[in-house]
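*Asks:* Quick one: the structure is below, questions incoming.
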Amino acid sequence: MVVGVPNVGKSALINSIHQIASTRFSVQEKMKRATVGPLPGVTQDIAGYKIAHQPSIYVLDTPGVLVPNIPNIETGLKLALAGSVKDSVVGEDRIVQYLLTVLNTRGTPLHWKHLAKQMEEITQIFEDKPGYNPKDLRPKMKKLPNASDLLYVKDLVREVQHALYVSLSEFGGNIEDENGMECLIEHQFEVLQKALKIPHKSSEARLMVSKKFLTLFRTGKLGSFVLDDVPELNREP
């Protein structure tokens, strides 16, 4: 039985296991797959998926579960940022404010400049290697994304990261002060609107900025993140 909070990939994990195991199944048994989606609450019932014949073994997919009471606001915001609750419950604007607070507090945008240079160097190394084709690493059954779409997303991510890097590095206030952080975040909403190419006169510009920025974060375009603070180990002398 696979159990966890909503929208963490339980059904996707089961589909991957089932796909590997189904190579030994008959054609009739290869059809059943768990329904997946980008929003929480897609799985409504417990369902079994066969992953072995002898003996017969099933893995159970279950609806996501949360604790009855969320202990504090920050925990609730982490769950919302991870997509474990619907965005409409908290509001995209507030979720992005929390995300920007986390990024600014950790100084993440200041590291993106160096990471971008390293990625360009790595990409150049692979491009210079003869006979190497990234398409060969992808499953043949899936349609490859258009090259222009990949370049667009790559450029968009680069502009977003650069905008946040400049806004944080040039900020003259104190981000440890609540008012200072609020001023920085308001400025970052403005630079993100430009980086994400959202019309300035749009009545829903801030909401559009929030949704696009959340999409970049949740799809891993901005990198991998651990939202919880990792406790320090007590080392005995």
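*Asks:* Test ARG158 against the criterion of being over 29 Å from PRO40 (Cβ atoms) and surrounded by 11 or more Cβ atoms within 10 Å (Cβ to Cβ), and give yes or no. Explain how you work it out, then say what you get.
*Replies:* Details: over 29 Å from PRO40 (Cβ atoms): yes; surrounded by 11 or more Cβ atoms within 10 Å (Cβ to Cβ): yes.
When the stated conditions are applied, ARG158 passes them.
*Asks:* While we're here: When the residues of the stretch 73-86 are narrowed to those that are assigned to a helix (DSSP H, G or I) and over 14 Å from the mean Cα position of the chain (by Cα), which ends up surrounded by the fewest Cβ atoms within 10 Å (Cβ to Cβ)? Working first, answer last.
*Replies:* Step one: of the stretch 73-86, the residues assigned to a helix (DSSP H, G or I) are 73-81.
When the remaining residues are screened for being over 14 Å from the mean Cα position of the chain (by Cα), the result is 73-77.
Working: ILE73: 10, GLU74: 14, THR75: 13, GLY76: 17, LEU77: 21.
Going through the qualifying residues, I end up with ILE73.
*Asks:* List the helices (runs of 4 or more DSSP H) that sit entirely inside the stretch 88-205 and contain at least 1 residues that are modelled with pLDDT of 85 or more, more than 19 Å from GLY220 (Cβ to Cβ) and of a type outside the set (A, V, I, L, M).
*Replies:* Filter on the stretch 88-205 gives 92-106, 147-169, 178-195.
*Asks:* Is there any pair with a first residue in the stretch 105-119 that is more than 14 Å from ALA163 (Cα to Cα) and a second that is at pLDDT 90 or above and of a type outside the set (Asp, Glu) whose Cβ atoms are under 7 Å apart and which are 6 or more apart or on different chains, and what are they?
*Replies:* Listed by first residue and then by second, the contacts come to THR105/ILE175.
*Asks:* Looking at (1) loosely packed, with under 15 Cβ neighbours inside 10 Å; (2) farther than 26 Å from MET208 by Cβ; (3) at pLDDT 85 or above; (4) among the hydrophobic types (A, V, I, L, M, F, W, C), which one does LEU13 not meet, given that it meets all the others?
*Replies:* Single failed check for LEU13: (1).
The values are calculated or read from the model by the stated rules, or taken from the named source; none is laboratory data. All figures in this text were calculated on a predicted structure; none of them were measured in a lab. We place every Cβ from the backbone using ideal geometry, glycine too, and count neighbours over all the protein chains shown.
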